[in-house]
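Read the figures in this text as sums done on the coordinates, not as results from a lab. The structure presented is a predicted model; accordingly, all values stated were derived computationally and were not measured. No Cβ is skipped: glycine too gets one built from the backbone with ideal geometry, and neighbour counts run over all protein chains shown.
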Amino acid sequence: MTKRMVLIAVALLALSPVLAHAQVVASLAGLHGITEAAVTATADQVPEDLYSFQATEEVRTLGQLLAHIADANYQFCSAASSDTNPNTGSIEQTKTTKADIQAALASAFAYCREVYANTTDAQGAEMVPLFGGQEMARSAVLAFNSAHTYEHYGNLVTYMRLNDITPPSSQP
């Protein structure tokens with residue numbers, strides 16, 4: 001019995017890096033879910049008249065930021081999956097209403113959730129081209145997507161605060 005327990009313990013220890021590694025893409029999907037929730041709540045919370053709000057003339061409007069996030073999710077997730085980008089146009093340049101931008105965000109986030117769900121950790125380690133040929137691991141592309149989304153969520157937080165709106169991430 002003791003010998004069997006030792007063998008089981010050794011086997012589990014040997015497998016532990018493999019089992020732990022199986023959580024990389026799942027962890028990245030969790031991070032993506034956090035950014036998706038913050039951005040989606042922002043798109044829902046901000047009234048339509050503020051979608052045209054622009055902090056200065058040199059920067060995107062609030063609606064353009066949200067649409068840009070949708071465009072980027074398609075770009076990053078299609079690169080990570082080595083699929084052709086299903087978004088053939090520019091959401092940022094063509095969608096201006098709250099309803100249209102919310103629908104585009106929902107579709108882009110759903111597309112990325114599917115990519116996360118269908119990407120294994122082994123695939124996550126494979127190199128893929130991004131931005132015209134720069135090679136990155138698929139998992140790094142997915143992480144970059146979340147970082148990019150959160151970067152622009154920071155812009156959205158500033159826009160909201162400038163309009164006396166408490167951002168979703170600061171609400172109880």
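Residue by residue, the range 137-149 carries 3J(HN,Hα) couplings of 5, 3, 5, 5, 4, 5, 5, 4, 4, 5, 4, 4, 4 Hz when phi is fed to the Karplus relation 6.51 cos²θ - 1.76 cosθ + 1.60 (θ = phi - 60°); x denotes Gly or Pro.
Annotation: amide H-H contacts under 5 Å for residue 53 (H modelled 1.01 Å from N, sequence separation of 5 or more, or interchain): 62, 63.
Take the Cβ atoms of residue 56 and residue 34, set R0 to 25 Å, and the FRET efficiency comes out at 0.30. Each Lys and Arg contributes +1 and each Asp and Glu -1, all at the Cβ; summed about the Cα centre of the chain, the dipole is approximately 820 debye. Summary of packing: across the peptides 126-133, 42-49, 28-35, the per-residue average of other C-beta atoms within 10 Å ranks them, highest first, as 28-35, 42-49, 126-133. Relative to the longest principal axis of the Cα atoms of the chain, the long axis of helix 98-117 lies at roughly 10 degrees. Neighbours of residue 88 by Cβ distance under 14 Å: Lys/Arg scored +1, Asp/Glu scored -1, total -2.
Give me the number: length gained by fully extending residue 96 to residue 171, i.e. 0.36 nm times residue separation minus the C-alpha to C-alpha distance, one decimal in nm. Write out the running numbers ahead of the final one.
Values: separation 75, 0.36 × 75 = 27.00 nm, distance 2.67 nm.
Here the answer is 24.3 nm.
Distances between placed amide hydrogens fall under 5 Å for residue 130 paired with 135, 136, all partners being 5 or more residues away or on another chain.
If each DSSP helix of 4+ residues adds -39,500 (n - 2.57) and the sum is divided by the residues in the chain, what number results at 222 nm, nearest 500 deg cm²/dmol? Working shown, then result.
Details: 7 runs with 115 residues, N = 172.
Counting only the DSSP helices, I get -22500 deg cm²/dmol.
A straight chain from residue 45 to residue 123 at 0.36 nm per residue would run longer than the Cα-Cα distance by 24.4 nm.
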